[in-house]
Amino acid sequence: MKKIGLCICYSVKNYGSMLQAYATQQYVQKSGLDYEIIRYIKKHDLKFYVSSCIRLLNSNFRKEVLRRLSYKINLKKNPNLKNNLSIRNSKFEDFERNNFNNLSNISFTYSELQEKGKELSAYLVGSDQLWLPAGLSTNFYNLNFASDNAIKISYATSFGVSKIPSYQRKKTADYLKRIQFLSVREQKGVQIIKDIAKRDAELVVDPTLLLTEEEWCSFIPPKKIIEDEYIFVYFIGNNPSQRKKVEELKEKTDLKIVVLRHIDEYIPEDEKFGDIGLYDVGPAEFVNLIRNANFVCTDSFHGSVFSIINQKQFIVFNRFDDSEKNSTNSRIDSLCNILELQERRFNKNLDIYDQMETPIDYKETNEKLTKLRESSMLFLEKAFSSIKDM
């Protein structure tokens, strides 16, 4: 039997990343393919530090470096925060250890990775924001390490931005042209590939949406985390006005606010936001918190996805201002557009309670989702058949 190498972001302590990697693995297993999760941890040599200095010219990369530095500084200043985050991290580690298998040996250098790229019949990259411009130089998630003879598949991979920097356009076009089966999860991604590589890419659903609500219940059994009724709040961005809107919703519903704090950065004001701040939450608990919520408020793509899967009343806020150069709002725009859920985007001109209570026709939404899921499966079946026929 032919084996496929999965280049998936399974080991990052991020709910969406880990759950989409898990869904990808589950779908590949269901398809009957033998697989191996490719692991690459690049050693930090002089060349790495020189290239990192050059990458600081990229504002997105620079912002990420500053965020991580700020996080580390705040951990040293705040022992309680450090303890709470270690609790959260341990839940991610438990989920990773218990749910991801068939791991490759770790490649520590690019030459080792290239050798790995000669071993297998095919390689699949997906999903998440693995084609962010800031990560281009690693040559891992763009499958540049894989041999010319190997079948290369992109499933629902995201650029994470609406525009590729001009100085990266040629390199981006080069790797896109090597991938035989090309798909993305956003309409903007289809446009980028058409513009840069002159190719037609398939628009497919995120891997988490390949699995039905029933399948998710079989993989992650339903469990109540909070006994009371509540509004579940999953904000990654630091937007005080959005917190105030959630508090308005609380006043009108008399529901408790359950919140996950300090997801992407330390936000001191969030210590006083919400009634119940949880840290003992891994990917499974995250899914169950959405399942059992009365309402969901989020600025997260996967927060929106699992609200839809579980047919919740939800509102999705913008994490970034649309004018920001490195805004990643496009993936949420695409999700809401293709499922015709634009009215779930936060509207400052509406009362938040009225907007939240506006019924969602989930029968119609699920019909659209089923069609998208079926077309996405057809894309994967075609790609996987080419491997079996080798």
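Looking at T328 and the list (1) open to solvent by 10 Å² or more (accessible area, probe 1.4 Å); (2) modelled with pLDDT of 95 or more, which single condition is not satisfied?
Only one criterion in (1) open to solvent by 10 Å² or more (accessible area, probe 1.4 Å); (2) modelled with pLDDT of 95 or more is unmet by T328, namely (2).
Within the range 211-302, which strands (runs of 3 or more DSSP E) (wholly inside it) include 1 or more residues that are among the aromatic types (F, W, Y) and touching a residue at least 24 places away in the same chain (Cβ under 8 Å)?
Of the strands (runs of 3 or more DSSP E) lying wholly inside the range 211-302, those with at least 1 residues that are among the aromatic types (F, W, Y) and touching a residue at least 24 places away in the same chain (Cβ under 8 Å) span 230-234, 295-298.
Give the number of residues within the range 226-246 that are crowded, with 21+ Cβ neighbours inside 10 Å and hydroxyl-bearing (S, T, Y).
2
Taking the conditions exactly as written (more than 19 Å from C7 (Cβ to Cβ), within 19 Å of the chain's Cα centre (by Cα) and aliphatic (A, V, I, L, M)), does V190 satisfy them or not?
yes
Among what's in the range 348-363 and is of a type in the set (D, E) and either touching a strand residue (DSSP E or B) at 6+ places or on another chain (Cβ under 8 Å) or not in a loop (DSSP other than H, G, I, E, B) (or both), pick the residue that is surrounded by the fewest Cβ atoms within 10 Å (Cβ to Cβ).
Going through the qualifying residues, I end up with D354.
Quick one: C336 ticks every box in (1) over 22 Å from the mean Cα position of the chain (by Cα); (2) surrounded by fewer than 20 Cβ atoms within 10 Å (Cβ to Cβ); (3) assigned to a helix (DSSP H, G or I) bar one, so which box is it?
Unmet for C336, out of (1) over 22 Å from the mean Cα position of the chain (by Cα); (2) surrounded by fewer than 20 Cβ atoms within 10 Å (Cβ to Cβ); (3) assigned to a helix (DSSP H, G or I): (1).
What do you reckon, is Q29 under 19 Å from V205 (Cα atoms), open to solvent by 60 Å² or more (accessible area, probe 1.4 Å), in a helix (DSSP H, G or I) and not aromatic (F, W, Y)?
yes
For (1) among the polar types (S, T, N, Q); (2) open to solvent by 30 Å² or more (accessible area, probe 1.4 Å); (3) within 15 Å of the chain's Cα centre (by Cα), each residue gets a yes or a no:
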residue	(1), (2), (3)
Q114	yes, yes, no
G117	no, no, no
Y123	no, no, no
S127	yes, no, yes
L130	no, no, yes
F140	no, no, no
S158	yes, no, yes
S162	yes, yes, no
Y167	no, yes, no
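What single numbered condition from (1) out of contact with any strand residue (DSSP E or B) (no Cβ under 8 Å at 6 or more places or on another chain); (2) open to solvent by less than 60 Å² (accessible area, probe 1.4 Å); (3) at pLDDT 95 or above fails to hold for L380?
(1)
Within the range 127-155, can you find the residues that are under 21 Å from T24 (Cα atoms) and of a type in the set (D, E, K, R)?
D128, K152
If you scan the range 345-384, which residues turn out to be free of Cβ contacts under 8 Å to residues at least 24 places away in the same chain, under 30 Å from K245 (Cβ atoms) and aliphatic (A, V, I, L, M)?
L350, the sole residue that qualifies.
The values are calculated or read from the model by the stated rules, or taken from the named source; none is laboratory data. Source: prediction; values computed, not measured. Because the Cβ atoms are built from the backbone with ideal geometry, glycine has one as well, and the counts that use them run over all protein chains shown. When the accessible area is computed, the model is the full protein with side chains, heavy atoms only, and any ligands, DNA or RNA have been set aside. Shrake-Rupley method; radii C 1.70, N 1.55, O 1.52, S 1.80 Å.
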